[in-house]
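Following: one structure in structure tokens, then a few remarks.
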Amino acid sequence: MAPVRLFPAIDLKEGRCVRLRQGDMAQATVYADDPAAQARAFETQGFDYLHVVDLDGAFAGKPVNAAAVEAIRAATSFPVQLGGGIRDMRTVEGWLGKGVSRVIIGTAAVRDPDFVKSAARAFPGQVAVGIDARDGWVAVEGWAETSSLAAHDLARRFEDAGVAAIVYTNIARDGMLTGIDWDGTIALADAVSIPVIASGGLASLDDVRQLLSPRARKLEGAITGKALYDGRLDPAEAIALVRGARAA
């Protein structure tokens, strides 16, 4: 298991940093016009891994905000994990070749699990699966559609496939600042051997403390977005908590 991490998030829509409410593209708040500058700010604050989502790409099924992602990579030195519109091997190879450290495959994990397994074998440690759930059922196509597949069942498909991590989002919590769904996330982590990253709803230092609690020991980390942008989460305090846990 890797040391626990807090991942600051940059969600890209039309080349800008936004945050959505429950994945609704019509409810997008713009927080920064320059994603590269925002990424530099996160790196300067002391974060050591960045989470990026190409929201437009998730709907289009192919990369849309490539220029913004490339600008982020050029402006920073910390690793980046990227999701949104990654549906084939050519896209996986393209992003990893451009310096993205880890790609996150969501919709294609439902539609074409063999592709995900092939990618994970070809690029060990660099392929993660994004599981976004609405009432326990996996949502796809930028969360616009809900499948008939349960989140736990999808996660189990990738046991022993070499997948580096699962990024699990409870859509009802995303962008709502109501706290992460710790019970659901930890239940998923307990159901598989793959490290799980919690996403959706991180609201305060209390969520960071929950991440560091003994019951969350199987989690690789958590993603924070709106709480950082709104000033509800102090980066220095959050990073100090995480580093203190690593040193313990």
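Within straight cross-link reach of Lys62, meaning Cα distance under 24 Å, which lysines are found once same-chain residues fewer than 8 apart are removed?
The reachable lysines, counting only those whose Cα sits under 24 Å from Lys62, are Lys13, Lys98, Lys117.
When all C-alpha to C-alpha distances in the chain are sorted into bins of 5 Å, what percent of pairs does each bin hold, rounded to whole numbers?
Binned Cα distances yield the sequence 1, 7, 15, 20, 22, 19, 12, 4, 0.
Of the listed peptides 147-153, 11-17, what is their order by residue-averaged count of other C-beta atoms within 10 Å, with the highest listed first? Spell out each step's value before the answer.
On the way: 147-153: 15.9, 11-17: 19.9.
Going from most to least packed, we get 11-17, 147-153.
Accessible area per residue for the chain in Å², computed with a 1.4 Å probe and the full protein assembly in place, what is it?
Accessible area per residue, the chain: 40 Å².
Using a cut-off of 14 Å between beta-carbons, work out the net charge of the residues near Ala60 (Lys and Arg +1, Asp and Glu -1, Ala60 not included).
Values: positive: Lys13, Lys62, Arg87; negative: Glu14, Asp54, Asp56, Asp88, Glu141.
Result for the local shell: -2.
Among Asp56, Asp181, Asp230, determine the one that fluctuates most according to a GNM of the chain built with springs between C-alpha atoms less than 10 Å apart.
Of the options given, Asp230 has the highest mean-square fluctuation.
If packing is taken as the mean number of other Cβ atoms within 10 Å per residue, what is the order of 25-37, 72-84, highest first? Spell out each step's value before the answer.
Values: 25-37: 14.6, 72-84: 19.6.
In decreasing order of mean packing, 25-37, 72-84 become 72-84, 25-37.
For the chain, what is the percent of antiparallel DSSP beta bridges, rounded to the nearest 5? List each step's numbers first, then the result.
Values: 13 of 44 bridges.
Once the DSSP bridges in the chain are tallied, antiparallel ones form about 30 percent.
Can you compute the modelled spin-label distance between Ala37 and Ala122, with each label point 7 Å from Cα toward Cβ, in nm?
3.8
Of all accessible surface on the range 122-248 at a 1.4 Å probe, what whole percent is carbon and sulfur? Before the final figure, lay out the partial values.
Numbers: 2430 of 5110 Å².
Taking all protein chains in place, the range 122-248 shows 48 percent carbon and sulfur surface.
Taking the full set of protein chains and a 1.4 angstrom probe, give the accessible area of Glu237 in square angstrom, rounded to the nearest 10.
The accessible area of Glu237 comes to roughly 100 Å².
Net charge within 12 Å of Asp206 by Cβ-Cβ distance, Lys/Arg positive one each and Asp/Glu negative one each, not counting Asp206 itself? Intermediate results must be reported in sequence, preceding the final value.
On the way: positive: Arg209, Arg232; negative: Asp207, Glu237.
Net of charged neighbours comes to 0.
How much accessible surface does Lys98 have with a 1.4 Å probe, in Å² rounded to 10?
Using a 1.4 Å probe on the heavy atoms, I get roughly 110 Å².
The values are calculated or read from the model by the stated rules, or taken from the named source; none is laboratory data. The shown structure was predicted, so the numbers you read here are calculated from the model rather than taken from an experiment. Glycine gets a Cβ as well: all are built from the backbone with ideal geometry, and neighbour counts include every protein chain shown. Heads up: the accessible areas ignore ligands, DNA and RNA and are worked out on the full protein's heavy atoms, side chains in. Shrake-Rupley method; radii C 1.70, N 1.55, O 1.52, S 1.80 Å.
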